[in-house]
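S.K.: Quick one: structure below, then a few questions.
The values are calculated or read from the model by the stated rules, or taken from the named source; none is laboratory data. This is a predicted model, so every value here is computed, not measured. Quick reminder, even Gly has a Cβ in these numbers, built from the backbone with ideal geometry, and neighbours come from all protein chains shown.
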Amino acid sequence: MKVLALINQKGGSGKTTVALHIATAAWQAGLNTLLIDLDPQTSAAEWHDSRAEEFPAVLSIQPTRLQKALQTAAESDTHLVVLDTAPHAESTALDAARAAQLVLIPCRPAIMDLRAVGKTIDLLKLAGANAYAVLNAVPPKGSVVTEAAEAIENLGLPVCPVRVGQRVAYSHSLIDGRTAQEMEPEGKAAEEVQQLYKWTCAQLGMPASTQEHKRHGKQVSKRTA
Ligand SMILES: Nc1ncnc2c1ncn2[C@@H]1O[C@H](COP(=O)(O)OP(=O)(O)O)[C@@H](O)[C@H]1O
Ligand SMILES: [Mg+2]
């Protein structure tokens, strides 16, 4: 079982958006996938409530229950756990980072976000995390994304080569519990999500589809605590 955590001490950077899209991509590829929502705002769990489809499973828990939830997930043949975390919650971020083999830090290429990301980077260094920034909500034109990537790398954090664009599909699809790749399977967002998912699997040293995974024919069930 692999664990991926989405962390950024700044709210609105795209943690939940990226978590939902990667978890759904993994489920679509046939992996037993569990998204654990550690944010008391429960945005991921509410997305799941409004979703017609049962999977990917979303479990909303208090951060103190994380170890137990991961243990249960491992015993249920889960392939991938995605941890969505809250902003302004250092101890949860540290626990999530320590439990994960890969941490992604969604960051908007905007000055306020770039100024704030140093705090999260310091925190993740403390946890000894294997972390990458993911530039999110990137505008279609301009050099802002290259400058942002340079600024983040200068702070000592590598940047994921896949960029997530500013696209209506990412927000609009969430209204009825879907994702961009489900709303517009042929769209640009769907293509980006697939690239990000594959890159993530490669970083985790994990096969991207069940063809390579041993099939257990069992999915974790929907539980909300
Ligand atoms: N790539 C994107 N394109 C368009 N809207 C986005 C994108 N990423 C995030 N958003 C929107 O920005 C807001 C904050 O994103 P969210 O994922 O909830 O951030 P966080 O979980 O870090 O607080 C949401 O309304 C979301 O729909
Ligand atoms: Mg969130």
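S.K.: Across segment 89-110, which residue is surrounded by the most Cβ atoms within 10 Å (Cβ to Cβ) among those that are of a type outside the set (A, V, I, L, M, F, W, C) and in contact with a Pro (Cβ under 9 Å, 6 or more places away or on another chain)?
M.R.: At the first step, the residues of segment 89-110 found to be of a type outside the set (A, V, I, L, M, F, W, C) are 90-92, 95, 98, 101, 106, 108-109.
Those left that are additionally in contact with a Pro (Cβ under 9 Å, 6 or more places away or on another chain): 91-92, 95, 109.
Details: Ser91: 10, Thr92: 22, Asp95: 20, Pro109: 24.
Ranking the qualifying residues of segment 89-110, first place goes to Pro109.
S.K.: Looking at (1) over 25 Å from Met206 (Cα atoms); (2) touching a residue at least 60 places away in the same chain (Cβ under 8 Å); (3) within 16 Å of ligand 1 (Cβ to nearest atom), find the lone condition where Ile61 falls short.
M.R.: With (1) over 25 Å from Met206 (Cα atoms); (2) touching a residue at least 60 places away in the same chain (Cβ under 8 Å); (3) within 16 Å of ligand 1 (Cβ to nearest atom) applied to Ile61, the lone miss is (3).
S.K.: Regarding Glu75, is this residue surrounded by fewer than 24 Cβ atoms within 10 Å (Cβ to Cβ), within 12 Å of ligand 1 (Cβ to nearest atom) and free of Cβ contacts under 8 Å to residues at least 60 places away in the same chain?
M.R.: On the way: surrounded by fewer than 24 Cβ atoms within 10 Å (Cβ to Cβ): yes; within 12 Å of ligand 1 (Cβ to nearest atom): no; free of Cβ contacts under 8 Å to residues at least 60 places away in the same chain: yes.
Answer is no for this residue.
S.K.: Within segment 193-204, is there a residue that is without any contact (Cβ under 8 Å) to a residue 60 or more places away in the chain, in a loop (DSSP other than H, G, I, E, B) and not acidic (Asp, Glu)?
M.R.: There is no residue in segment 193-204 that is without any contact (Cβ under 8 Å) to a residue 60 or more places away in the chain, in a loop (DSSP other than H, G, I, E, B) and not acidic (Asp, Glu).
S.K.: Residues Asp113, Asp122: which one is free of Cβ contacts under 8 Å to residues at least 24 places away in the same chain and either part of a helix (DSSP H, G or I) or touching a Phe, Trp or Tyr at 6+ places or on another chain (Cβ under 7 Å) (or both)? Even if it seems obvious, please write down each step before you answer.
M.R.: Details: Asp113 fails: free of Cβ contacts under 8 Å to residues at least 24 places away in the same chain.
Criteria check complete, one pass: Asp122.
S.K.: Is segment 43-50 home to any residue that is among the aromatic types (Phe, Trp, Tyr), away from ligand 1 (no atom under 14 Å from the Cβ), closer than 24 Å to Tyr170 by Cα and over 13 Å from the mean Cα position of the chain (by Cα)?
M.R.: Our first condition is that a residue be among the aromatic types (Phe, Trp, Tyr); within segment 43-50, this holds for 47.
Going one step further and asking which of them are away from ligand 1 (no atom under 14 Å from the Cβ), we end up with none.
No, segment 43-50 contains no residue that is among the aromatic types (Phe, Trp, Tyr), away from ligand 1 (no atom under 14 Å from the Cβ), closer than 24 Å to Tyr170 by Cα and over 13 Å from the mean Cα position of the chain (by Cα).
S.K.: Next question. Quick check on segment 46-72: of everything there that is part of a strand (DSSP E or B) and within 16 Å of ligand 2 (Cβ to nearest atom), which residue is nearest to Tyr197 (Cα to Cα)? Can you show your working first?
M.R.: Going residue by residue through segment 46-72, those that are part of a strand (DSSP E or B) are 57-60.
If we keep only those that are within 16 Å of ligand 2 (Cβ to nearest atom) too, we end up with 58-60.
On the way: Val58: 18, Leu59: 21, Ser60: 22 Å.
Looking at the filtered set, the residue picked out is Val58.
S.K.: So is Leu4 surrounded by fewer than 22 Cβ atoms within 10 Å (Cβ to Cβ), at pLDDT 95 or above and in contact with a strand residue (DSSP E or B) (Cβ under 7 Å, 6 or more places away or on another chain) or not? Before the answer, list the steps.
M.R.: Numbers: surrounded by fewer than 22 Cβ atoms within 10 Å (Cβ to Cβ): no; at pLDDT 95 or above: yes; in contact with a strand residue (DSSP E or B) (Cβ under 7 Å, 6 or more places away or on another chain): yes.
Spelling it out, it is not the case that Leu4 is surrounded by fewer than 22 Cβ atoms within 10 Å (Cβ to Cβ), at pLDDT 95 or above and in contact with a strand residue (DSSP E or B) (Cβ under 7 Å, 6 or more places away or on another chain).
S.K.: On the basis of being near ligand 1 (Cβ under 8 Å from one of its atoms) and either in contact (Cβ under 8 Å) with a residue 60 or more places away in the chain or over 10 Å from the mean Cα position of the chain (by Cα) (or both), does Thr17 make the cut? I'd like the intermediate steps shown before the answer.
M.R.: On the way: near ligand 1 (Cβ under 8 Å from one of its atoms): yes; either in contact (Cβ under 8 Å) with a residue 60 or more places away in the chain or over 10 Å from the mean Cα position of the chain (by Cα) (or both): yes.
So Thr17 fits the description; yes.
S.K.: Working only within segment 111-163, note down all residues that are among the charged types (D, E, K, R) and surrounded by fewer than 20 Cβ atoms within 10 Å (Cβ to Cβ).
M.R.: The initial filter retains those residues of segment 111-163 that are among the charged types (D, E, K, R), namely 113, 115, 119, 122, 125, 141, 147, 150, 153, 163.
If the condition is that a residue be among the charged types (D, E, K, R) and surrounded by fewer than 20 Cβ atoms within 10 Å (Cβ to Cβ), then Arg115, Lys119, Asp122, Lys125, Lys141, Glu147, Glu150, Glu153, Arg163 are the ones that fit.
S.K.: Oh, and also: Can you tell me how many residues in segment 1-38 are near ligand 2 (Cβ under 10 Å from one of its atoms) and of a type in the set (S, T, N, Q)?
M.R.: 4
S.K.: Return the pair list, or none, for Cβ contacts closer than 8 Å from residues in segment 34-45 that are more than 14 Å from Gly14 (Cα to Cα) and assigned to a loop (DSSP other than H, G, I, E, B) to residues that are within 12 Å of ligand 1 (Cβ to nearest atom) and among the acidic types (Asp, Glu), at least 6 apart or on different chains.
M.R.: Between residues of segment 34-45 that are more than 14 Å from Gly14 (Cα to Cα) and assigned to a loop (DSSP other than H, G, I, E, B) and residues that are within 12 Å of ligand 1 (Cβ to nearest atom) and among the acidic types (Asp, Glu), the close pairs are Leu38/Asp84.
S.K.: Let me ask something additional. Going by the structure shown, is Ala129 under 26 Å from His88 (Cα atoms) and in a loop (DSSP other than H, G, I, E, B)?
M.R.: yes
S.K.: So Asn8 passes all but one of these: (1) farther than 17 Å from Gln181 by Cα; (2) in a helix (DSSP H, G or I); (3) within 16 Å of ligand 1 (Cβ to nearest atom). Which condition number does it fail?
M.R.: (2)
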